[in-house]
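Q: Got a structure for you, written out below as structure tokens; questions coming shortly.
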Amino acid sequence: MTPGRLSRRVVADRLAWVERMMAEIRSLPLADRDAFFADRRNLWTAESCLRRALEALLDLGRHILAKGFGVGVSEYKEIAAVLRERGVLSPDEADLLRVLAGYRNRLVHFYHEVGPEELYEICRQRLADLERVAAAYRRWLREHPEWLNERL
């Protein structure tokens, strides 16, 4: 792969997708456990939006690596390690993204092991983890505007 510039459209789209999915999760009755579980659609909304937000974060990381650095990665957990090596994420942020990648893999491949209570608690208490990674991407992009292709 040849390094180049990042697509401003892809960057904006993925970050907006994370924000939209987090807003959808936050619109659920997370403060009231009984209300959350009273409507089973809340659980499916939470799962779908959480998985999509995680995938958008990881897709953006893959885009930064592929387009910006010319580096291809084959596994989601690898994205975090290489973003750390390239200075896009701090060690703590990379560790967090690695954990999030593992959770995304559980949601997709081991969905039958993710129980309703676990999903509810993650949506109630851990959404800030996703926002922290998104903020790290934004920070890096603000510090490196030369990496963005203005035409795309």
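The values are calculated or read from the model by the stated rules, or taken from the named source; none is laboratory data. Values in this document were obtained by computation on a predicted structure and should not be read as measured data. Ideal geometry is used to build each Cβ from the backbone, glycine not excepted, and the neighbour counts take in all protein chains shown.
Q: I need a count of the residues in the range 96-110 that are over 14 Å from Leu130 (Cβ atoms) and not aromatic (Phe, Trp, Tyr).
A: 4
Q: What's the total number of residues in the range 103-128 that are in contact (Cβ under 8 Å) with a residue 12 or more places away in the chain, of a type in the set (D, E, K, R) and outside any helix (DSSP H, G or I)?
A: Count: 0.
Q: Report, by residue number, each residue of the range 58-84 that is of a type outside the set (S, T, N, Q), without any contact (Cβ under 8 Å) to a residue 40 or more places away in the chain and farther than 12 Å from Asp95 by Cα.
A: If we filter the range 58-84 for residues that are of a type outside the set (S, T, N, Q), which is where we start, we get 58-73, 75-84.
Retained after the next criterion (residues that are without any contact (Cβ under 8 Å) to a residue 40 or more places away in the chain): 62, 65, 73, 75-84.
Residues satisfying the conditions are Arg62, Leu65, Val73, Glu75, Tyr76.
Q: Residues that are closer than 20 Å to Arg142 by Cβ, among the hydroxyl-bearing types (Ser, Thr, Tyr) and not in a helix (DSSP H, G or I): does the range 67-89 have at least one? Quick ask: steps written out before the conclusion?
A: Restricting attention to the range 67-89, the residues satisfying the condition of being closer than 20 Å to Arg142 by Cβ are 67-69, 83-84, 86-89.
The next check asks that each one be among the hydroxyl-bearing types (Ser, Thr, Tyr); those that pass are none.
No - not one qualifying residue is present in the range 67-89.
Q: What do you reckon, is Arg62 among the charged types (D, E, K, R), within 21 Å of Trp140 (Cα to Cα) and under 18 Å from the mean Cα position of the chain (by Cα)?
A: On the way: among the charged types (D, E, K, R): yes; within 21 Å of Trp140 (Cα to Cα): yes; under 18 Å from the mean Cα position of the chain (by Cα): yes.
Criteria met by Arg62.
Q: Among the residues of the range 121-133, are any closer than 22 Å to Arg5 by Cβ and in contact with a Leu (Cβ under 9 Å, 6 or more places away or on another chain)? First the steps, then the outcome.
A: Pass one, the range 121-133, residues closer than 22 Å to Arg5 by Cβ: 133.
Filter once more, so that each one left must be in contact with a Leu (Cβ under 9 Å, 6 or more places away or on another chain): 133.
Yes, because at least one residue in the range 121-133 is closer than 22 Å to Arg5 by Cβ and in contact with a Leu (Cβ under 9 Å, 6 or more places away or on another chain).
Q: Could you please find all residues in the range 87-102 being in contact with a helix residue (DSSP H, G or I) (Cβ under 7 Å, 6 or more places away or on another chain), within 18 Å of Ser74 (Cα to Cα) and in contact (Cβ under 8 Å) with a residue 24 or more places away in the chain?
A: Leu97, Leu100, Ala101, Gly102
Q: Go through the range 27-50 and give me each residue that's surrounded by fewer than 18 Cβ atoms within 10 Å (Cβ to Cβ) and within 16 Å of the chain's Cα centre (by Cα).
A: Answer for the range 27-50, where residues must be surrounded by fewer than 18 Cβ atoms within 10 Å (Cβ to Cβ) and within 16 Å of the chain's Cα centre (by Cα): just Ser48.
Q: Any residue at all in the range 132-151 that's modelled with pLDDT under 90 and in a loop (DSSP other than H, G, I, E, B)?
A: Narrowing the range 132-151 to residues modelled with pLDDT under 90: 145-151.
Those still in the list that are in a loop (DSSP other than H, G, I, E, B) too: 150-151.
Yes, the range 132-151 contains at least one residue that is modelled with pLDDT under 90 and in a loop (DSSP other than H, G, I, E, B).
Q: Give me a count of the residues in the range 90-117 that are within 15 Å of Tyr137 (Cα to Cα) and not aliphatic (A, V, I, L, M).
A: Result for the range 90-117: 6.
Q: Just one of Leu89, Leu119, Leu96, Leu107 is among the aliphatic types (A, V, I, L, M), modelled with pLDDT of 95 or more and more than 18 Å from Val11 (Cβ to Cβ); which is it? Working first, answer last.
A: Values: Leu89 fails: more than 18 Å from Val11 (Cβ to Cβ); Leu119 fails: modelled with pLDDT of 95 or more; Leu107 fails: modelled with pLDDT of 95 or more.
Only one candidate qualifies: Leu96.
Q: Only one of these conditions is not met by Glu131: (1) closer than 21 Å to Ala46 by Cβ; (2) free of Cβ contacts under 8 Å to residues at least 24 places away in the same chain. Which number is it?
A: (2)
Q: Residue check: is Ala135 over 18 Å from Lys67 (Cβ atoms) and surrounded by 13 or more Cβ atoms within 10 Å (Cβ to Cβ)? Show your work before the answer.
A: Values: over 18 Å from Lys67 (Cβ atoms): yes; surrounded by 13 or more Cβ atoms within 10 Å (Cβ to Cβ): yes.
Yes: the conditions hold for Ala135.
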